Structures are given as C-alpha cells and as structure tokens.
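Trainee: Following this message is one structure expressed as structure tokens.
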Amino acid sequence: MAVILGIAGVVLLSVLRSSLLDNAQDLAVQRRDTIVEQIQENDSEDLAGDLAGDLAGGGASTSGGSGTQVAQVIGPDGTVIATTDASVEDALYAGQPLAPGQSYLSQTPGLIGLVDFDDYIVAAQGVSTPDGAAVVAVGVPTIIERDAVSTVGWFLLAGVPVLLALAGTLIWFLVGRALRPVERIRSTVAGISYQHLDERVEVPSTRDEIERLATTMNDMLARLQSADAAQRRFVTDASHELRSPLATLTTGLEIAAADPSAMTWHETSTMLQTQALRMGYLVEDLLTLAKIDDAGLRFDMQDVDLDDLLLDELNRLKTESQHTVHAFIEPARITADPHRIAQVIRNLLNNADRHAASTITITLSCGQGPAILTIDNDGDRIPATQRERVFERFVRLDESRTRESGGSGLGLAISKDIIRAHAGTIHATQNADGHTRFQVILPLQPTSVPTIGGSQQSPLDRPTVSDQAPGVTSHLEVNP
C-alpha cells in the first residue's frame, strides 16, 4: 500500500507541475507575440522606448498568477538592448541567434527533475529592426510554481505515513470485524470432541461466504457424526455376531474337555466345526467391508462368462440345498472380476436357500440389452418398505435373526458394493406371483455375442445340475 501511495504522490506532483508550467509557457508565448507585433507595427529605432511604452500601456507588471514578467530585446551579439526590469542583468535568451520569425520556447525538465525548475520560462522570437536583426525574449518567473510543487510534495511526504497509519487502523478494524464470525466458528469447532459431535456452529445470516462456511462446517460435522455412529454401530453389530459362535465354541470345548471318555467330543465336533466355519465367513465378510470403507476393493477385471460362474454356484448349491431349483440360463459374457461376481452369486443363492419354502428359480437372460440375473424364492416376502433396508449391514428382518441359519446380515451389503463397482445394479422386488425376487443387472461386453459353433462353448455342452443328487430335487434348463 505504501508503494501505491508513493506512486500516486509522484503522479500527482508530476501532473501539478506540468499544469503550472504549461500555463506559464502559454503566458510567455502570448506576451512575446504581443510585443513582437507592436514592435513591427511601430518600426521605430527607439526599441527601449517602444518596449517601455508597450509595457506601460499593457502593464509592466502584468502577471498571470506566475509573478512579474520580464521582457528583453537582445541584439545579435547577445547584449540586452532594452528590458523591462533592469535588475535582470543577464539575457533571458543566450542561444543561437534567431532569424526573423524564428521562435524558441524553453523546455520543462523531465520526471527526474520533478522539483527542478529554471528561474524563468522563456519564449523568444527573432524580429527585424532598423538596426538589424534582434531577439524579443519574454520570461515568466517560476518561483510560484516551484513553491506550489514543493509545498504539495512536503505535504505528501508528511501525510503519507499518517494516511498509512489511518488506513492500516481502519483495515485492521474492518477485517477484524469481518473475520469475527470466522473466529467464533473456529473456536466452536476447536471445542467439539468426538464425544460431542452433535454440536453445531452458529450460522450468521450474512448471506455471504461466512454464512456458507458455517453451513459447510455444519454439514461436515453432520457427516462426521453419521460416520461415527455407523462405525459404532458396525463395531457393536460385529461384536454381537461374533459373540454367539464364540460362546458356542467355548461351551462345546469346555464340555468336551470335561468328558474323560471323549464321547462328547465326537458328538459335538461337527457342531463346533460348523461354528468355526461360521466365524471364518463372518471374519472374511468383515475384512471385505473394511477394505470397501478404507480404499475400496481391488478388482482383477477380465472377460468372463457369467453363465459359467452361475453354473458353478448351482452345482455347489445342489449338494447343500433341500429345495427344488429351477434354472433357465442364457449365455452372457461380461468384463468383471470372476471371484467377486461369484461371491455375489453365492450370497444371493445362499440367501434364497435360507428363506425359500420349497422352490428357488434362477433366470439369466440378456437378449439385446444387459445381462439380467433374477433369483426368486417362495419363502417369506420382503415388505416394500424394507426392500432397500435389506442391503444395509447387519440387517436381518424379523425372526431370521434368531435362527442359526439367519446369516450374518453382511452378504447383501457386500454384494451391493461389488455390483455397483461393476457399473451394475442390484435390488429386491417381487415376481408375478408375489414372491421375493433379487435382480442383478450387469452390462455386457459390447463386442461379445455368444454364437453356437464358434470358439466359445455351446451352453448345451456346459456342466448342468444333476437331478440324481441324494436328497435334492433340482431341475436345470439351459437355453441357447
């Protein structure tokens, strides 16, 4: 700011000096022309008398706000022939002789000589006289101009520090007042701990950046509170899910250890293995969710046949399920992580197997659009208001939480994140009979169209679900 004020002061002084000197030059030129005209009209040899008479008639002390003017007639040898002020002994013009009609005007100094003034602003012109050529010179003293510029310069020199002090004080006051709400926001946020994330900063009704800052800060605090609540709920639910198999394992081991005959061990070993596997699946699901929350899952994307993945999981299901399974599968080729997509299919099939009453129906179709996988079961129906909630973590509806076969409530949440990462969608709905349906939609490969007789396997050559598995009633239809 000091630099700006300094430059402004120099510009002001330069403009002031230029204006004053221009006025003095105009006055000198005007007076010179008047004297030259009268000398030429009189054509007298008494130049001193003519000059004195001219100034007597026109005002020997004519002033234009620049002090008394001095007029001289200078001979070819530089001597003053006539003058209006005898105290000025030196000739006002001491340059090369001027021919009749030739004029001269002294130049003003440049910016470097801001306060550098000659004693006179001189305007001269050559004239013809009965005695020969002469020079008429008129000088306007610059003492008033010099005093004016010096006075303003000293005023600026003394006033700039004062102006800077006043401006600094004013800026400090205004900025401090403007930033006072920011300080209140900062102090409020500094006092908020993880135990009081429900606190919010005051939002001033200023309709400016401060108000938007406070609103954004409150939004951030709300997100932190939501994330903290989700983390606490996650830890609580995970602890709850782990507590049950751990308690079963601990109790079973204690009972088996207390039986010296080892018969209890043989009776409980299958149950303990089941609980250990349950804990293993739960820990794996928790690790998957932790990766999703941290930096996202890493996928090994490649070209895969979705129908092959589905057939593999159906072959697994036939060895475990006691329900009738109907499958209608069309070939579909996608770009995906086969391990993660197989995990989604496995989660959905396990979920359908847990809740089905007697029948599970799986359909994979693509047609001209994306691959659509639907899995229906005729078990308990999901209310329309709960169909989005089933994809939340640790959510199991109604009485299923109390059953050992109820699952951990993590499979659908993991499936949704995986499908979303593959640019697909998954949602719960119902089929035409009103039964529960889960539908997965995944984009096909743009250039991949399965054909019979090509390099790809025909769907009829792929493995099928056997109808001869003990205790399993399954039916598979594979459509080309």
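The values are calculated or read from the model by the stated rules, or taken from the named source; none is laboratory data. All figures in this text were calculated on a predicted structure; none of them were measured in a lab. Don't worry about glycine lacking a Cβ; one is built from the backbone with ideal geometry, like all the others, and counts go over all protein chains shown.
Trainee: Considering only residues of the range 175-193 that are without any contact (Cβ under 8 Å) to a residue 12 or more places away in the chain and among the polar types (S, T, N, Q), which is farthest from Asp228 (Cα to Cα)?
Mentor: If we take residues in the range 175-193 being without any contact (Cβ under 8 Å) to a residue 12 or more places away in the chain and among the polar types (S, T, N, Q), then Ser187 is farthest from Asp228 (Cα to Cα).
Trainee: Here's a follow-up. Taking the condition more than 30 Å from Ala227 (Cα to Cα), touching a Lys or Arg at 6+ places or on another chain (Cβ under 6 Å) and surrounded by 15 or more Cβ atoms within 10 Å (Cβ to Cβ), does Asp305 pass?
Mentor: Numbers: more than 30 Å from Ala227 (Cα to Cα): yes; touching a Lys or Arg at 6+ places or on another chain (Cβ under 6 Å): yes; surrounded by 15 or more Cβ atoms within 10 Å (Cβ to Cβ): yes.
So Asp305 passes the test.
Trainee: Mind checking which residues of the range 84-108 are surrounded by 12 or more Cβ atoms within 10 Å (Cβ to Cβ) and farther than 15 Å from Gln125 by Cα?
Mentor: Once the filter is applied, which keeps residues that are surrounded by 12 or more Cβ atoms within 10 Å (Cβ to Cβ) and farther than 15 Å from Gln125 by Cα, the range 84-108 yields Thr84, Asp85, Val88, Thr108.
Trainee: Something else: Only one residue in Thr268, Thr274, Thr248 is modelled with pLDDT under 85, touching a Gly at 6+ places or on another chain (Cβ under 6 Å) and either assigned to a helix (DSSP H, G or I) or not assigned by TED's automatic domain parsing to the domain that holds Ser365 (or both). Which one?
Mentor: Unique residue meeting the criteria: Thr268.
Trainee: Using beta carbons and a limit of 8 Å, which pairs, at least six apart or on different chains, have the first residue in the range 212-224 and closer than 12 Å to Glu202 by Cα and the second one assigned to a helix (DSSP H, G or I)?
Mentor: Short answer, once both residue conditions are applied: Leu213/Val182; Leu213/Ile185; Ala214/Pro181; Ala214/Ile185; Met217/Ile185; Met217/Val189.
Trainee: Give just the number: which of (1) touching a residue at least 60 places away in the same chain (Cβ under 8 Å); (2) surrounded by 17 or more Cβ atoms within 10 Å (Cβ to Cβ) does Val390 not satisfy?
Mentor: Result: Val390 fails condition (1) only.
Trainee: Filter the range 91-126 down to the residues that are polar (S, T, N, Q) and either touching a Phe, Trp or Tyr at 6+ places or on another chain (Cβ under 8 Å) or modelled with pLDDT of 85 or more (or both) and list them by number.
Mentor: Passing the criteria: Gln102, Ser103, Ser106, Gln125.
Trainee: From the list Arg207, Arg146, pick out the single residue that is buried (at least 16 other Cβ atoms within 10 Å of the Cβ), without any contact (Cβ under 8 Å) to a residue 60 or more places away in the chain and of a type in the set (D, E, K, R).
Mentor: Criteria check complete, one pass: Arg146.
Trainee: Shifting gears a bit: Mind counting the residues in the range 403-423 that are at pLDDT 85 or above, of a type in the set (Gly, Ala, Ser) and assigned to a loop (DSSP other than H, G, I, E, B)?
Mentor: Final tally of qualifying residues: 1.
Trainee: Based on what the data block shows, is Leu166 at pLDDT 85 or above and over 26 Å from Leu21 (Cα atoms)?
Mentor: In short, yes.
Trainee: From Thr264, Thr270, which residue is within 30 Å of Leu289 (Cα to Cα) and either touching a helix residue (DSSP H, G or I) at 6+ places or on another chain (Cβ under 8 Å) or not small (Gly, Ala, Ser) (or both)?
Mentor: Sole residue among the options that is within 30 Å of Leu289 (Cα to Cα) and either touching a helix residue (DSSP H, G or I) at 6+ places or on another chain (Cβ under 8 Å) or not small (Gly, Ala, Ser) (or both): Thr270.
Trainee: Which residue is modelled with the highest pLDDT, if the candidates are limited to the range 336-359 and must be under 25 Å from Glu284 (Cβ atoms), of a type outside the set (A, V, I, L, M) and touching a strand residue (DSSP E or B) at 6+ places or on another chain (Cβ under 6 Å)?
Mentor: Looking at the filtered set, the residue picked out is Pro338.
Trainee: Ala214 passes all but one of (1) loosely packed, with under 13 Cβ neighbours inside 10 Å; (2) small (Gly, Ala, Ser); (3) modelled with pLDDT of 85 or more; which number fails?
Mentor: (1)
Trainee: On to the next question. Which one is farthest from Asn347 (Cα to Cα), of the residues in the range 284-310 that are free of Cβ contacts under 8 Å to residues at least 12 places away in the same chain and of a type in the set (A, V, I, L, M)? Quick ask: steps written out before the conclusion?
Mentor: In the first step, residues of the range 284-310 are kept if they are free of Cβ contacts under 8 Å to residues at least 12 places away in the same chain; the result is 284, 287, 290-291, 293-295, 298.
Add one more test, that the residue is of a type in the set (A, V, I, L, M), and what stays is 287, 290, 295.
Values: Leu287: 16, Ala290: 18, Ala295: 23 Å.
Of everything passing the filter in the range 284-310, Ala295 is farthest from Asn347 (Cα to Cα).
Trainee: Which residue pairs have Cβ atoms under 6 Å apart, sit 6 or more places apart or on different chains, and have a first residue in the range 79-101 that is assigned to a loop (DSSP other than H, G, I, E, B) and a second that is surrounded by 12 or more Cβ atoms within 10 Å (Cβ to Cβ) and modelled with pLDDT under 80?
Mentor: Hits for this filter: Thr84/Leu55; Thr84/Ala60.
Trainee: Residues being under 42 Å from the mean Cα position of the chain (by Cα) and surrounded by fewer than 21 Cβ atoms within 10 Å (Cβ to Cβ): count how many of those fall in the range 334-354. Before the answer, list the steps.
Mentor: Just the residues of the range 334-354 that are under 42 Å from the mean Cα position of the chain (by Cα), to begin with: 334-345, 347-348.
The next check asks that each one be surrounded by fewer than 21 Cβ atoms within 10 Å (Cβ to Cβ); those that pass are 335, 337-339, 342-343.
Total meeting the criteria: 6.
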